[in-house]
Every structure is written in C-alpha cells, then in structure tokens.
Amino acid sequence: VVDFLFLVSGDITQKGYEKKRAKLLAPYVPQTQGVDPALQKESRTQTPAPAAAPASASSSSSSKFHRARSGGARDERYRSDIHTEAVQAALAKHKEQKMALPMPTKRRSTFVQSPADACTPPDTSSASEDEGSLRRQAALSAALHQSLQNAESWINRSIQGSSTSSSASSTLSHGEGKGTSGSLADVFANTRIENFSVPPDVTATTSSSSARPAAIDLPPSGIVKGMHKGSNRSSLMDTADGVPVSSRVSTKIQQLLNTLKRPKRPPLKEFFVDDFEEIVEVPQPDPNQPKPEGRQMTPVKGEPLGVVCNWPPALEAALQRWGTTQAKCPCLTALDVTGKPVYTLTYGKLWSRSLKLAYTLLNKLGTKNEPVLKPGDRVALVYPNNDPVMFMVAFYGCLLAEVIPVPIEVPLTRKDAGGQQIGFLLGSCGIALALTTEVCLKGLPKTQNGEIVQFKGWPRLKWVVTDSKYLSKSPKDWQPNISAAGTEPAYIEYKTSKEGSVMGVTVSRIAMLSHCQALSQACNYSEGETIVNVLDFKKDAGLWHGILTNVMNKLHTISVPYSVMKTCPLSWVQRVHTHKAKVALVKCRDLHWAMMAHRDQRDVSLSSLRMLIVTDGANPWSVSSCDAFLSLFQSHGLKPEAICPCATSPEAMTIAIRRPGVPGAPLPGRAILSMNGLSFGVIRVNTEDKNSALTVQDVGHVMPGGMMCIVKPDGPPQLCKTDEIGEICVSSRAGGMMYFGLAGLTKNTFEVIPVNSAGSPVGDVPFVRSGLLGFVGPGSLVFVVGKMDGLLTVSGRRHNADDIVATGLAVESIKTVYRGRIAVFSVSVFYDERIVVVAEQRPDASEEDSFQWMSRVLQAIDSIHQVGVYCLALVPANTLPKTPLGGIHISQTKQHFLEGSLHPCNILMCPHTCVTNLPKPRQKQPGVGPASVMVGNLVAGKRIAQASGRDLGQLEDNDLHWCLITTSLFQHQFLTEVLQWRAQATPDHPLFLLLNAKGTTVCTATCLQLHKKAERIASVLCDKGHLNAGDNVVLLYPPGIELITAFYGCLYAGCIPVTVRPPHAQSLTATLPTVRMIVEVSKAACILTTQTLMRLLKSREAAAAVDVKTWPTIIDTDDLPRKRLSQIYKPPTSEMLAYLDFSVSTTGMLTGVKMSHAAVSGLCRAIKLQCELYSSRQIAICLDPYCGLGFVLWCLCSVYSGHQSILIPPMELESNLFLWLSTVSQYKIRDTFCSYSVMELCTKGLGNQSRGINLSCVRTCVVVAEERPRVSLTHSFSKLFKDIGLSSRAVSTTFGSRVNVAICLQGTSGPDPTTVYVDLKSLRHDRVRLVERGAPQSLLLSESGKILPGVKVVIVNPETKGPLGDSHLGEIWVNSPHTASGYYTIYDNETLQADHFNTRLSFGDAAQTLWARTGYLGFVRRTELTAASGERHDALYVVGALDETLELRGLRYHPIDIETSVSRTHRSIAECAVFTWTNLLVVVVELCGCEQEALDLVPLVTNVVLEEHYLIVGVVVVVDPGVIPINSRGEKQRMHLRDSFLADQLDPIYVAYNM
C-alpha cells in the first residue's frame, strides 16, 4: 500500500526516487523533508495527539502498562514470538519512508462508539475455535515497544496532519493556501491553479433535509465564460476550478496521489493495437520463482494395525461388554458451571439408558404397524455443549437402534449464522425427528402460542425428549441387534465448506471401529485410564476420543465444557491434577487460557500426563503455544515428550498424531520455511530473510494401518514432488465413506486415485482428500502448513488465511482488535482473487489507533507475505456472525461483505496496490490523418455517417392542402406579423390554457387577448423603460401566460427578450446568483417581472446574496396602463436577433445563444411539419419554459401553427402527481411534451394508481431533452401505464443542443424509434459495435426521435474534423435553417463562434457546407425501416456530451455508464455521480438508508467499477440524499458537485480514499 517498493530491473530505485524528488521540491520545502507542508501546517493548528509512551520506558513499566490495559482478558491466544518479531522488523523497515496516508473523513455522528456494554450485545462467547476470537498479547516487551516507536512516529505525524475525525463535520477549510502548501501541491499534481472565486454554495441550504432541493440551475464556477468550452477540454479537469487547492479534501487527495506516485513496478509497454479486444493483463510468471526439484514422492505407510485379541467386533459390543461386566466403572464425568464434577455416568447406566432409548425409538414412537423410525433412518441430535451425558446416551441409543445419529448445534435464534445450511443438511438427510433434552427444549425459541419456531431453511421436525423419565423400559426378551461392524453408516458428522455450505460426512461402522483401534494403538490407551476432554464432544477429536475410543477401552472421560473454560480457564489443568489424568485433549486456545490464569494456582501438578494431545497442532501459531506452555508448566511436572500435536479432518478423520515420546529422547526438530517458497507451493528452508519465515512443527507419523500421499491441490490428483506442498490424502479403513447424498463431490474427495506426472494412475487404492495442505518431511514426519479452506490463491501464488490472521495479530493489535477476532477471506474481483481482512474493533479504540493499526497491518502483510490486501475493514465489537463455539463464521462474513450488510465502522481499500492485471492503457496512434481514416472506411465498405430530415421544399410543393393553409403564414417572415394576422383573422381562437395544481384553468389567452396585452407591455417598455430597439430585456416570470405576453411585448417594442427562471424564495443564496449573472452577461437594460418577484429582488434576503443596488430598471407588468402602441416594430431583415436563449450546461458553463427571426420561423415551421400541427389541434406541455425546446414549445409554436397549448407548470406536479396525465386523459390529448423529471415523478410516485385515467388517445408522448435517451425510464413509464391505454410506440425523446435546440423530434409520421445494443468496451475506443441483447458489457441505446425537416447531420472526428464512417463514435455536427446565429458573449469573441457555429469539415464532399458543432457524441446507423421519402431510414443515436466524458487510461468514458453500474450495487444508493480530479475517479453516492450502511458501499462501488469498467476508483464519497445537484432538466451537475467537494461544502457522511 503506502510505500512498499518493488525494485524491479529497469525501475527507478528508491534512492534515485528520493533524490529526484528532493531536487524537484527543494525550492518549495523549507521545512522537514518528506512531509507535506500542508500537513505540517494542519498539525500545528490542531492539538497534537498524545505521544506514544517514551522510548526510554523500562520494560517492567511498559509491560505493566499493557497488562493493566488487558484487564485480565485472555489475550495470549495467538502469541507467536517468532511472528511478532518478524512483523516488528518488517514495520521498522518502513520507518524511513515518511509517507502520509490520507485518513478517511467521517462524520462524527455516524459511528458513535459507546462503552462496550452499551453498544454490543452480551457476548455469548468470548472465544473461539481456530478462527480467532481472543485479544492477543497482553504484554509486549519494552524492546519491542522501542523498535516500534520510530516506525510509529511518521504515522503519528501523518495522522495528526490529516485527521479529520475530530471535526464535527468536514466543513473546515484551510484558508486560501498561502505560501508553500499551494505551490507544493501544484508541483505534485502538475495542475494549473487559478484562484477563482468560490462558487456559491449550492448544497449547504439543503443538505440537512432529506428531500432533494427544488431543481436549481446553478451558476458556473468561477469566471463566466459566456460560452462553451466545447471539446478543447483535453486535459479533462486537471485544474481545480474555483477551489483554493489546499482546502482539506484536496490535501487528502494530494496525499493519496503521493502514495500512488511511488515508483512501484516497471512502466507498461506503451503500445496499443487499435482494433483488438482489450485483454486483461495476465501476470507473467516470475522467471526467478522457486520450482520443485525433488523426485516424485512415494506414498508413506503407517505401522500395521495390530491385532489385539480382546478388541470387540463392533463398538456396540464393547458397550454391551463393559455395561454388563463392569457396570460400576465410571465412564463420563460432567462438570457444573463452576468446574466442579456434578454427575458421573457409569458403564452400567450408559448401557441400560441407551437400551431404553433404543427400544423407545424403535417401538414407542408411532404404532406397531407404522413405526416412525426404521433402522437406517437418520435422526438429529440437538444437545447443548454442557450436557455430554445426555448426548452420549442418545448417541449410543441410536447406534443400538441402528438409526443414524446426525449431531448438530443447538439453534439459538431463527436466523443463526449458517443455520439455513444446517437446515439443508437435515432436509437432504431426510430427517424428521430431533432428539434433545427437556431443558434444551424449553430453551429453544418459541412462537407466541408456545410452539418451537420454524428455523429458517429447516424441514419440519418432531422433537423427542430423551430424559430417562420419558423412556420406556425394554421388555426382558428384547435385545438390540449387534452385528459385526460392516460398511453400513454409523453416524454423520457435519462439516462446513469454505463457501458456507454444510455437508454430512458419513462414517461407516467399520471405519468408526477401525479409527478407534488406530487411536488406541497410536495413543497406547489402556483400560481404566482417565482422560480430560476440553473439545466439543459432538464432532472431530472430541467425539473420537471422548465418546467412541473411550468406550472401546473402558476409559473415564472428564468432559470440560466450553462455558466453564470462559469463567475458569484453568479448570482443565485442575481436573488433570485432581484425577491424575493420563491424557488431555486440548486446542491451542486452552493452552493460552491456562497460561493466562496460571498465577491463580501455584500447586497444580501435570506429572501424571503422558499425552497432551493438541488437536489444532497444524495451525501456524501452534508451535509457539506449545513452547510457551511447556516453558511455564515444565516446573509443574509437565514432560516435554508428552506434548503430542495431531492433525485431523472430518473426511479423513485423524491423519497423523505424534506418539508419546520416550523420556530423555531428543524432541523432533522444526521446519523453518520460506514464506515466498510456500506461496509457490515449494518447500525451501528459509535463509535470506528471517522476517518472512514460517516455523512449523510436525504432527507425528501416519496413523497405524494408514497410507499417505501428497497430491497437487488443484486439477487432477497428481503426486507431488518431495519438496512440494500439496493436499494430504490418506488411505485407510478409518476414514469417512461419503458426503451424504452428494455423489459427485464424494467421488472427487473419497475415491481419489493418485496419478503420476504422465497422468497414469499409481496403484488402485482409493485415497481420501483430507483438506489439509502439507508435506512429508525427513523420517516420515508429517508437517501441515494450512487448510484448503483457508487457501487464498492470488495471481497464481498461494497464501494461507491463518498465516495472514497471525500477521494481523502480531501488529500490536491489543488497542484496536476486540479479543483477537480477525477474519481473512478472498473475493473474486476482476479475474483474480483479492484478499479481504475484517476485524472487530474494540469499543474503546480511538479513530487514530484504528487507522494506525490498519495502515500497519497493510504494511506488515505486504512485507511478510508479499501480497497486497484489497480491503481491510473494522466492524464494531461482537457484530461478526459467530460459529456455535463463538469463532467467526467466515463464509457468512464474506456473504455480508459482498451484499453490503457488514456495516464496518472503518474501512481501507487498496485496489491500486492489488489490481495489477488491468488492460494496457490505450495510446493514440500518431500521424493518422482524417483522409486516411476516410480511405480506410471506404476500403472497409463503411458508409460515411450522415443523415438528414425530409426536404422542406419538396414537402411544400407536394401538398396542395398545405399550400392553401400556409400561404398566408409564409407571407409573414416574423412571428410578430403572424400574431397580428391571427388577431385579425381568428381573434377569439384560444391559443393558451394554463392549469393549476387542481387541474382547473387559471388563465387563457386568445389570439386577440395576446396581441392586446403584448401591445400594452411594448408601450410600457418604450415609455417607462426608455428602451431603444435592440436593447436586451430580462423576463423573470413563473411558468405561465404572463411570460408569453411579455415575450411578444418585447418583440413589438423591438427589444430582445431573455427568459430567466425566477429565483426560489426558499433558496435565494443558491438561485439568485444565476439570475444576477445572466442579467450582467446579457447586459440587460431592464427587467420585466411580477410584483411579488420585484419585492423579492429588492428584499433584505436578496441583498445578502447579491448586490441589489446594481439591478437595472425593474418594471412590474401586473397593472398595465391601457395605452395603445403607436407602431409595432418590424425588423429590417430576418437575420436580426429575435431573442437570447441562456442556459447553464451540466458542466457549469453559462451560455447564451442568439436566435434570429429567420431561425425562429424555420424552427416553428419544421416542428409544425414534423408534428402536423394546425389550429384544430390541442397539445399538452409539462415543461420548464425558460430555454431550449421547452421555451419554443411553450411560447412560440402555438402562435405560429395556431394549435391550442395546454400549459402545465411542472412544479404543480409536486402537490398533485396526477395533474399531467389526468389532463391528457380529460382533454383527450394526442400529442404531449414533458421532461425526464416529470416522467420520473410519475413513474416513481404513481405506481399503479390510475384514478380513472385513460391514455389510449395519446399518439406521441415526447420527452424533451439534451442528453442520451434514458431508455430504462421511458421503458418503465410505458410498461407502467400500458394497462391504462398508453401505446408502447407513443413514448419518444427529442434531441437538441446549445447550437441548435431541436435536431430530432419523433413527430407523427415515419418509422417508430429504433433501439440497438452496442458493445461498451468498443465504445470506449470510439468504435460502434452492435451486439445481441444480453451480451456481456452491452449498452442499450435508443434513437432520439426523427431528424427534423431541413436538418442535416454528420458524424465528425472532434480532433481532426474529418467525417467518420458509421462504425465510429464522433461529434454530431448539424446544418439547418434554424441553427442559432452564435454565442452572445461579453467580449464578442468571434473565433470561438466560428469554431462552434460556422465550421467546415477538413475534407470530403460536404466540406463546403457550414456546420455547427453540437458538442455531443453519437453515431448514425442505417436501419431496415423505410423513411417517408421511400429511402431506408438513417437513425441518429446520441451517446453523451463531449464535455462530460472522462478520459481515463486513454479511453473515453461516459459518466452515466459508470453511475448506472454503481446505482445497481446496493439498495441504499439513491443517486450517484462521478467526476475526475487529477486523474483520480471520484464517485459520490447518496445514501438513502441508515448511516451505518455508509461504509458498506465503499467496497461494492470499487468492485463494480473495476469489474464493469476496468477502472480503479480513487475516492468514494457518501453523502445525504439530495446533495447531488440536479438542474431543471433533470440533469446532474457534476462539475458543481466536484467544486463543492473540493471546497469542502458537501458535509459528507464518509469519504474513503482508495490506495
């Protein structure tokens, strides 16, 4: 992560890098070298965190300090001095490289950690089996402490520098970046910083409320450019427009960039073959990696299984023998909670009670003719861990009745971790009966009416209580059938696989007997010995020794339950001492617990022990456990040769066990293996680097009567070489026979025939795969180095989850990790496995400690295992799913992680380190000019991508009826003339109808009324405003008819209207500056508005947002004098300006375009033709009337075509969602226009409530937009309202841009809109490749309506300006009579206008035509449909705005595609937006769930963007709903979001910096 350095040949060395860096930064860095001065400045402003304990602290005081902290808790669980030392050394290596890690920003309220008892459920189980659940290392020596001091200091410094968790919210900005910090950041980011004014805060007013603010058109950031940046944005957002760069967010991004800038691996070869599919980089094997060199191994045989004359023919026979001849002998002693013996079961009692149970099971359940149980049926045994006696009786009762017991855990809740999988096992075993005790039955969760709840995924069970008082005594003549042991099943032991599925390992009677014989021989058991069992007696070694072998040899077992160990960890040692036990069965954790509590008991003696069987002797930390235990208890009589590690697995049962040694004989040696070698599956004695060594102890020899071989873990079972690690396979009579009901898996596990390197079988003896990884060492000693379940294969190298847990714990975890609970697993992301580490955080751990621990764990794992961690998460204490004995349920944890329900409180993602298989970045090929592209297209048979609408001239000649109607129209060049003509010809014809939220008509306007009102406004302008022709007038009105009259009033007076959205009274600070800016930029001489708005403009609130003294003349048009206008202005030519159309683009550009009278008439004419509009028509419009096509439809078209427009202001829908659709239904409207926001409101809000609406009258429902059609929204809308008559063909979209507001519009005739699926990967290369529906990585695109009459489009390469073929994505250029005349700019900058409005192609047939550049990328495809002209129809597909695209890794991405992927990942993501900053991809997601889910989103977002877009996310920002700014057209304003983020104005819930 931070700064691990791989010095590969050809790479810059660390020294070189430091030197170069120092040289570059020398002028800027007067302070301490290597620490970002911005951070130093910050750390000065905050109170320094308390320094770590002084290095000179004596060892005693230091360890005392630690011990006090641990509060007697059992932390020693994974104590491994060797490992700890290695980790400390590895971390010390890094202390030189002072690199500041950006600490995540977290809102304070999100994760308030209260004291443990308040925030965590009572801990039912403080410890665990192997997975790790104890805090570690109560005392670390002072030497260790010192070595850590230095490594600590740089992390401390960086953390103080960038800690933000202490601020109440993240709105502290660090001034304007004076002096060095700004310039340093400059050098790093190579960016040009312009100190623009900070844009108005658009989010602060609304971020607290959960609803999205009213749609706001935000002003651009910084200086108004008054014009489009167009496509010259090649450097793509490399400057932080409008943000002082040293604000805190950017400092952090800076740190992140610095961490990513380290010389890490050799640069990729810079080439790119254009037309090839991009292929994921396959990591090439390292030529220096170790390879196995030994010969092929031969299977190793154990000693022969001796034939002892008194061994019984079956285990049940042994029970019968002891039960009848040695009835008084003790068999099993149970302890109470305090650890005192509470009941001893004798062999006589065991025999008689088992007999009673067997009789009851076979004869007393059900009737004589229909027994419930028959021999061979399976039954569940549900007994708690503190009741071994009842379990043993039940187990043997089942054996005697010849039914097959399936012991399982007691279910605690309806949704236990892994409970559903246990249910699956019960179901597949056909279990209908569960045996339990009365006490246990009472404790099971019940429903309201007292029945036992139906556990999730379980079959319906009948519960049978096996307490003695409920059993029937068997008649004298009834005897169980005890035959010699055969291959029929005896019992089923459950096993949880790596994926979490539960399988039943079936053990036959002969295997059960043979295993007992092998254990008796290996452990040399003799009759009457006492053994102490601390393990779970229901499965594994606890069952094999404590319940089965016990009876075979008439042993006496003292069972120490888990609950006793928690209260009295020394209880098992006391039992050994009291009963003079010969054998004890323990796990490493029990050794640790005993050492922790050892001071309480001085006088115990372990001299009676001849075997201390350590059943998890195969774990990486078992060596040091055994050593430490021996050194402590040797003085209490423990013999060194008594420690006997063993290795077991559910399938192969006991694999190997160390035999009790001879006193005084030398102890077996240790293997010190190289971790690097192990990761390649090769055994190498570690020589070079003692830090990355693994010390393992042997687990003794192969079991008597068994044979062992080692095979490759993946692929066919090929025998390994002698120096190779593989999976241990065992062949003996004592092993499982199958997974119950799973024939396929059984064959691959229980019937393995090893093969040699040529692939031919070696012998015909079947072996069983044990699921353990290891090798056979010198002297046939068996060594185990890990489990198959814990195997993590990353980039072809193998790592062991347990080893990584041990490394995590060796990093001083005591302050951070709760009881040592760490889970490690891998998830598959982007064609490789990625390592995830999840740990429980102590309730009292501070943010700084946790973050520090996390960053050091990353370093340690990288250093020791040479593997990057993809994600490291901390969750609150006690929240990870638990196994029955309190360990961590790994597969369930992984599932929670992948579905986003883990709820971490801290998270660090490091995709930049781990993901090394991204495709090569694309390189642009130099020297390919437009002409050669053209020739290439022609050779390939591609047509040039161009299309056009119908020809205007032809249309008018062909249609006589049309000529009659329009003769009078076309005499008039100007809209004002058309209005005067209509006022005379059809004075009472209604043109406009305005509705309110209730659907009632508030206002109408006929031709004459409109004309009269316009005249009065014109006279006011001339008299009051003293305006001259050509002056600009801002119209500030709510959507309605007043806006229309004011518009025509301006035209009558010869003024040029500029329509502006009025400011929002509730959010003046956000909306008024935009108004102010347009007034300034348009140089308006006057503002026309209503009285209410006039008061608002001059109010005190407005004065706080802008300077109200500088407004131009404001005239309110509410009460107009009845004064005739002397004469209506007529422009001298139709090229004169008619109006200005101002709009804020999504990238925050405020642009005004000039619309001439000729363009206005041309546009209205084209729309009239396309939609067949004439005076008998009615259309309904639910759009904002301020710019673009919305304004044209609202104000201009009705006057031109004479149809009646029903006007529905979109904001009225907020109080009545039905307004638009019920109006359409009520007036039987054929053509209606709306925006995406309106459609979304109806789709989300109305659901299936249709309230008597009928939409069968609708012929076209057109969404007016300037973006890629939102196919999913239009589809859901069509689908939702299909049942109330909406035709699936009715919905379509338009396309327009700044240069030409209407290029496409579906209209009434012509073919339906077409859709295509294109390949996303090709699209990133600006290629268009059509694919089938459902193809991976495909994108559905819809045509944006038909091209309007008189409009021509061509697809052009934005760089070379050459025309493209139809298989390319390029900029859409347009030529039409209604294109705008140019930008209205402050400086009248002609060159830019020429570029956008009057451009020629660089060559080709169309090179003489003047084109306007739309700034949108798209392509043209010829379809199979026929156009009105009889030709095949050419469809235009819009992909997205050129300004919005992100250029990353040489490819072109459209934000919406990444956002769509992100929105799908989690149900709590309400909205999402992406942008880039200094080449980092920033993803902002709105969280609509509870704040605990905030951190769940970070890995999900990172995963999906990597998987689907091959990009690594740099920063993930989680914010409240409604923070992402959305303009009135429903488009996201990503640049505004970016500026607010960098200016620290978002108040995010969480900011994660991926490293």
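The values are calculated or read from the model by the stated rules, or taken from the named source; none is laboratory data. Nothing here was measured: the structure is a model prediction, and the numbers come from that model. Neighbour counts run over all protein chains shown; Cβ positions are idealised from the backbone, glycine included. Calculation scope for accessible area: heavy atoms of the full protein, side chains included, ligands and nucleic acids excluded. Shrake-Rupley method; radii C 1.70, N 1.55, O 1.52, S 1.80 Å.
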The listed residue being on the phi < 0 side of the Ramachandran plot and at pLDDT 95 or above, out of Pro384, Pro407, Pro375: Pro407
Selection status of Cys1197, open to solvent by 10 Å² or more (accessible area, probe 1.4 Å) and of a type in the set (A, V, I, L, M, F, W, C): no
Verdict on Glu1359 being closer than 30 Å to Leu1320 by Cβ, under 43 Å from the mean Cα position of the chain (by Cα), modelled with pLDDT under 85 and open to solvent by 20 Å² or more (accessible area, probe 1.4 Å): no
Selection from the range 624-642 of residues that are closer than 26 Å to Leu694 by Cβ and open to solvent by 10 Å² or more (accessible area, probe 1.4 Å): Ser624, Asp627, Ala628, Leu630, Ser631, Leu632, Gln634, Pro640, Glu641
Of residues in the range 1464-1512 being touching a Pro at 6+ places or on another chain (Cβ under 6 Å) and surrounded by fewer than 20 Cβ atoms within 10 Å (Cβ to Cβ), the one farthest from His1536 (Cα to Cα): Cys1488
Qualifying position, being at pLDDT 90 or above, touching a Gly at 6+ places or on another chain (Cβ under 9 Å), among the hydrophobic types (A, V, I, L, M, F, W, C) and not in a strand (DSSP E or B), among Leu1511, Leu1500, Leu1481: Leu1500
Checklist (1) over 53 Å from the mean Cα position of the chain (by Cα); (2) in a helix (DSSP H, G or I) applied to His1026, failing item: (2)
Test: Lys456 is in contact with a helix residue (DSSP H, G or I) (Cβ under 7 Å, 6 or more places away or on another chain), open to solvent by 40 Å² or more (accessible area, probe 1.4 Å) and of a type in the set (Lys, Arg): yes
Residue satisfying all of: in the range 987-1016; open to solvent by 60 Å² or more (accessible area, probe 1.4 Å) and among the polar types (S, T, N, Q); farthest from Ser1201 (Cα to Cα) among these: Thr1000
Complete set of residues in the range 719-762 that are of a type in the set (Gly, Ala, Ser) and open to solvent by less than 20 Å² (accessible area, probe 1.4 Å): Gly726, Ser731, Ala734, Gly735, Gly736
Subset of the range 1514-1532 [assigned to a loop (DSSP other than H, G, I, E, B), modelled with pLDDT of 90 or more and open to solvent by less than 10 Å² (accessible area, probe 1.4 Å)]: Gly1522, Val1523, Ile1524
The range 1036-1059 residues that are crowded, with 24+ Cβ neighbours inside 10 Å, paired with ones that are part of a helix (DSSP H, G or I) and basic (Lys, Arg) (beta carbon under 6 Å, 6 or more apart): Thr1045/Lys1013
Filter result (among the aliphatic types (A, V, I, L, M) and either open to solvent by 40 Å² or more (accessible area, probe 1.4 Å) or under 19 Å from Pro1121 (Cβ atoms) (or both)) within the range 1017-1034: Ile1017, Ala1018, Val1020, Leu1021, Leu1027, Ala1029, Val1033
Elements of type helices (runs of 4 or more DSSP H) contained in the range 504-567, each with 2 or more residues being open to solvent by 10 Å² or more (accessible area, probe 1.4 Å) and farther than 17 Å from Met392 by Cβ: 509-523, 562-567
Lys498 vs. criteria assigned to a loop (DSSP other than H, G, I, E, B), closer than 29 Å to Ala327 by Cβ and touching a helix residue (DSSP H, G or I) at 6+ places or on another chain (Cβ under 7 Å): no
Residue within the range 1240-1257 that is under 18 Å from Cys1171 (Cα atoms) and out of contact with any Gly (no Cβ under 7 Å at 6 or more places or on another chain) present: yes
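So that you can scan it fast, the table gives a plain yes or no per residue for (1) more than 14 Å from the chain's Cα centre (by Cα); (2) free of Cβ contacts under 8 Å to residues at least 40 places away in the same chain; (3) at positive phi:
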{"position": "Leu1481", "(1), (2), (3)": "yes, yes, no"}
{"position": "Glu1493", "(1), (2), (3)": "no, no, no"}
{"position": "Glu1508", "(1), (2), (3)": "no, no, no"}
{"position": "Val1515", "(1), (2), (3)": "no, no, no"}
{"position": "Met1535", "(1), (2), (3)": "yes, no, no"}
{"position": "Met1555", "(1), (2), (3)": "yes, no, no"}
Within the range 605-623, considering residues that are open to solvent by less than 10 Å² (accessible area, probe 1.4 Å) and free of Cβ contacts under 8 Å to residues at least 40 places away in the same chain, the one farthest from Ala671 (Cα to Cα): Leu606
Contacts under 6 angstrom Cβ, first residue in the range 313-325 being free of Cβ contacts under 8 Å to residues at least 60 places away in the same chain, partner surrounded by fewer than 20 Cβ atoms within 10 Å (Cβ to Cβ), 6 or more apart: Gly323/Gly348
Unique match (being open to solvent by less than 10 Å² (accessible area, probe 1.4 Å) and more than 46 Å from the chain's Cα centre (by Cα)) among Ala1158, Ala1102, Ala1166: Ala1166
Condition check for Glu402: over 41 Å from the mean Cα position of the chain (by Cα), open to solvent by 10 Å² or more (accessible area, probe 1.4 Å) and modelled with pLDDT of 90 or more: yes
Residues of the range 761-797 classified as under 14 Å from Val682 (Cα atoms) and out of contact with any strand residue (DSSP E or B) (no Cβ under 6 Å at 6 or more places or on another chain), total: 2
Total residues in the range 1285-1305, condition touching a residue at least 60 places away in the same chain (Cβ under 8 Å) and either open to solvent by less than 10 Å² (accessible area, probe 1.4 Å) or among the β-branched types (Val, Ile, Thr) (or both): 11
Test: residue in the range 489-502 that is closer than 27 Å to Ser352 by Cα, open to solvent by 20 Å² or more (accessible area, probe 1.4 Å) and modelled with pLDDT of 90 or more: yes
Residues satisfying the stated conditions in the range 574-594, i.e. surrounded by 22 or more Cβ atoms within 10 Å (Cβ to Cβ), in contact (Cβ under 8 Å) with a residue 60 or more places away in the chain and of a type outside the set (D, E, K, R): Val583, Cys588, His592, Trp593
Residue count for the range 639-669, restricted to those that are modelled with pLDDT under 85 and either on the phi > 0 side of the Ramachandran plot or within 50 Å of the chain's Cα centre (by Cα) (or both): 3
Checking Gly430 against (1) in contact (Cβ under 8 Å) with a residue 24 or more places away in the chain; (2) over 25 Å from Ala490 (Cα atoms); (3) surrounded by fewer than 16 Cβ atoms within 10 Å (Cβ to Cβ), the condition it does not meet: (2)
